[in-house]
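Presented below is the structure to which this report refers.
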Amino acid sequence: MLPTGRRGRREPTAAIGPHGRREPTAAIGPHGRREPTAAIGPHGRREPTAAIGPHGRREPTAAIGPHGRREPTAAIGPHGRREPTAAIGPHGRREPTAAIGPHGRREPTAAIGPHGRREPTAAIGPHGRREPTAAIGPHGRREPTAAIGPHGRREPTAAIGPHGRREPTAAIGPHGRAALQRGFGMGNTFLITGGTGYLGNTLIRHARARGLPIVATFHRQTPPPSTDITWYPLDLRDPTAVRRLITEVQPAVIIHTAFRQYEPDLMAITGEGAGHVAAAAAEIGARLIHMSSDVIFDGEKAGAYTEADPPNPITDYGRAKARAEELVQHHHPHAAIVRTSLIYGFDPLDRHSAFALAVARGERTEKLFYDELRCPVFVDDLAAALLDLAQSDYRGVINLAGAETLSRYEWGRLLAQAHGLDPDRIVGALSAESPTPRPRNCALDISRALGLGYRLRGAREVLRTMGRLPALD
């Protein structure tokens, strides 16, 4: 007995669809349409193979995308577009390789930035800009090396501080400033103004010993020949010249020691000139150490002056130094302002010591004052403290002077004794005998500096250490 369909038609096989139509094989779709094979899609359409997409469209292979489009291979993107390879981006665009960016753009290599731009190498910044190397800053700027600061600035080395300041070495302090010593390497260019002066020359010697790259300025005194120091002439009265030099050199640290003590142009150089340096230093983000003086006071305080005491000068030089402090604080609030005292040394001899010794030898007839108090500081102690200060975050006023307060008369006698001369040749007097007003008490309280670890010795300690005074029993 042959099978009979729903309408009584004889069918040679049991291939009867759900609507009673005769089918030569069992390939019957869900709507009863005859299919020569079992390739029936979900809507009953006949398919020569089992390549049926999710919407029942016939596909010669199993390459069916998520929307049922026929694909000759399995390279189907997330939106069902046909791709000859598996290089399908997140938006289904066909790519000849797997170099697909996050937005599906075709890339010949895997160098795809975060926004899908094609890059010939993997040097892709965070904003997808093409870079020839992997030196990409956090803002996607192209850098020839990997020395990228936290703000994406290009740096010639990896010495980048936490605030993105450029440093040619890894000598970076905890706040991104170029560290100069105490376990840190060398920072960037180190600019010393007044490099031919007594303090400036000693600073150069100490900086050279620490391996620092040094640039120094001079005005009237020609510097000695040097192969490792770059010298520039500089007139502090010219703000354009000051700004041009500092912008060209791009120092990490500036120690401003240059000054003029007497007229002409005392205020223009010592006062206003310091302001020009401070403004230019602030413009390029350089660390500034400004040298001030103990003669910015009137000298009438009973005790030693602290960092909190405001200037109240009574001499022209004191007024110029007080004006310099005012301008530095205005233009460069992060600068360190160093108030110091008489600076002395022996190789070579400083001018203050040379004057006292000339009196002790009878070459001069001046008297030294009993009541003018100072804190003489050994030039090597001061130079070392300044380099230490340059590596720190200290800002504002700090007193860096000797640990012993001496009158001018006492200091002259000590110097005479240290040089084998008769101290009794030194004649004393009161400062009231001076034809010009002088601050009597210029003693500086250095407790803050000592608390911060700076080595500032008293005059007797230095002279004994050098063998110029007898050791204490």
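When every residue of region 371-388 is checked against the conditions, none turns out to be surrounded by fewer than 21 Cβ atoms within 10 Å (Cβ to Cβ) and without any contact (Cβ under 8 Å) to a residue 40 or more places away in the chain. Within region 390-423, the residues that satisfy the criterion of being surrounded by fewer than 22 Cβ atoms within 10 Å (Cβ to Cβ) and in contact with a Phe, Trp or Tyr (Cβ under 8 Å, 6 or more places away or on another chain) are Gln391, Ser407, Tyr409. Considering region 209-275, the qualifying strands (runs of 3 or more DSSP E), each wholly inside and each with 3 or more residues that are touching a residue at least 40 places away in the same chain (Cβ under 8 Å), run over 253-256.
Results for (1) acidic (Asp, Glu); (2) over 18 Å from Gly299 (Cβ atoms); (3) at pLDDT below 95, shown as yes or no for each residue.
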| residue | (1), (2), (3) |
| --- | --- |
| Ile398 | no, yes, no |
| Ala401 | no, no, no |
| Trp411 | no, no, no |
| Leu414 | no, yes, no |
| Leu421 | no, yes, no |
| Gly428 | no, no, no |
| Pro435 | no, no, yes |
| Ala443 | no, no, no |
| Gly453 | no, yes, no |
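Only residues that are β-branched (Val, Ile, Thr), over 15 Å from Thr340 (Cα atoms) and in contact with a helix residue (DSSP H, G or I) (Cβ under 7 Å, 6 or more places away or on another chain) were counted across region 281-315, and they come to 2.
If you take the residues of region 175-208 that are in a loop (DSSP other than H, G, I, E, B) and at pLDDT 50 or above, which of them is nearest to the chain's Cα centre (by Cα)? Give the steps one after another, and end with the answer.
Narrowing region 175-208 to residues in a loop (DSSP other than H, G, I, E, B): 175-177, 179-189, 194-197.
Right, trim to at pLDDT 50 or above and you get 188-189, 194-197.
Numbers: Asn188: 9, Thr189: 12, Gly194: 25, Gly195: 24, Thr196: 28, Gly197: 29 Å.
Residue satisfying both the conditions and the ranking: Asn188.
Would you confirm, using the coordinates I've provided, whether Arg374 is modelled with pLDDT of 95 or more and more than 19 Å from Tyr198 (Cα to Cα)? Against the criterion (modelled with pLDDT of 95 or more and more than 19 Å from Tyr198 (Cα to Cα)), Arg374 does not qualify. Restricting Ala216, Ala258, Ala252 to those that are closer than 30 Å to Pro437 by Cβ and touching a Gly at 6+ places or on another chain (Cβ under 7 Å) reduces the list to Ala258. If you take the residues of region 295-318 that are touching a Leu at 6+ places or on another chain (Cβ under 9 Å) and within 21 Å of Glu263 (Cβ to Cβ), which of them is surrounded by the fewest Cβ atoms within 10 Å (Cβ to Cβ)? Within region 295-318, the match that is surrounded by the fewest Cβ atoms within 10 Å (Cβ to Cβ) is Asp316. Right, Asp235: among the acidic types (Asp, Glu) and farther than 18 Å from Phe190 by Cβ or not? Yes, satisfied.
The values are calculated or read from the model by the stated rules, or taken from the named source; none is laboratory data. For clarity, every value in this text was computed on a predicted model and none was experimentally measured. Please note: Cβ atoms are built from the backbone with ideal geometry, for glycine as well, and neighbour counts cover all protein chains shown.
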